[in-house]
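J.: Before I ask anything, here is the structure I am working with.
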Amino acid sequence: MPAIVSSISHPYWAPLGTAAFEARIKVGLSQATVAKHLGLLVRDYAALESGFIPPEVNAALGKVALDQLDDILEWKTGTARKIIDKAIASAVVPSAVPVYNDRGNSAYSAAAWIRLGHAVQKARLALHMNKAVLGYAMKSTSKTVLRLEQGRVYGDPRTAPPGDYNSEKYMLKRLPLLEMALEWDYGQATDLLEGNTAA
């Protein structure tokens, strides 16, 4: 039975992606060729090599048979599995475990995003608006709104719990849409993040 990685999330894919990129270039294959061999979309395989793995891509990668990756990249059988195992082993060392409430490269602190999230939820409920409607207004999804309201916004995917990454950069671009949907003044969301306005 092929080795399947069904529960490995984005911090653990990065070493495999780096090694796969180097091996692919060495054997002269395109990303499309490798993706087809693995039964992946090209964008999903490209995400593996980049090290940035959104949840939906993580799910697709979790179905990959690692022996197929060994085969296409001309690796010795078991090489991909060893890379994954080494990444997992290093991540369980206390000093290597991501601190999930540390926003890494975030422009705003965890407390700032929690403060904004509480204000968003209060305003949304006052307007009798569900998360799906607000998500649509923000050109996003109800899942994004849920994470925002809970303050789960991160500047770096490596500081987020697996499968729980809500990009700060993505969210900051949508603040004007959020303000319009909630009938806020322009800049009110930023003021909340910066602590200039009470929630």
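The values are calculated or read from the model by the stated rules, or taken from the named source; none is laboratory data. Everything numeric in this text was worked out from a predicted model, so none of it was measured. Don't worry about glycine lacking a Cβ; one is built from the backbone with ideal geometry, like all the others, and counts go over all protein chains shown. Surface accessibility is based on the protein's heavy atoms, side chains included, excluding ligands, DNA and RNA. Shrake-Rupley method; radii C 1.70, N 1.55, O 1.52, S 1.80 Å.
J.: Is there a residue in the stretch 102-112 that is open to solvent by less than 30 Å² (accessible area, probe 1.4 Å), modelled with pLDDT of 90 or more, over 27 Å from Leu16 (Cα atoms) and hydrophobic (A, V, I, L, M, F, W, C)?
T.: No, there is no match, as no residue in the stretch 102-112 is open to solvent by less than 30 Å² (accessible area, probe 1.4 Å), modelled with pLDDT of 90 or more, over 27 Å from Leu16 (Cα atoms) and hydrophobic (A, V, I, L, M, F, W, C).
J.: Tell me which helices (runs of 4 or more DSSP H) are completely within the stretch 119-199 and hold 1 or more residues being of a type in the set (Lys, Arg) and under 30 Å from Ala87 (Cβ atoms), or say none if there are none. So that I can check it myself, show each step before the final result.
T.: Numbers: elements: 131-137, 142-149, 168-173, 175-181, 188-194.
Correct list: 142-149, 168-173.
J.: If you don't mind, there's one more thing I want to ask. Looking at (1) at pLDDT below 90; (2) of a type outside the set (Gly, Ala, Ser); (3) under 29 Å from Ala14 (Cα atoms), which one does Asn196 not meet, given that it meets all the others?
T.: (3)
J.: For the stretch 11-41, name all the residues that are under 18 Å from the mean Cα position of the chain (by Cα) and part of a helix (DSSP H, G or I).
T.: The first filter runs over the stretch 11-41 and keeps only residues under 18 Å from the mean Cα position of the chain (by Cα), leaving 11-18, 41.
If the condition is that a residue be under 18 Å from the mean Cα position of the chain (by Cα) and part of a helix (DSSP H, G or I), then Pro11, Tyr12, Trp13, Ala14, Pro15, Leu16, Gly17, Thr18 are the ones that fit.
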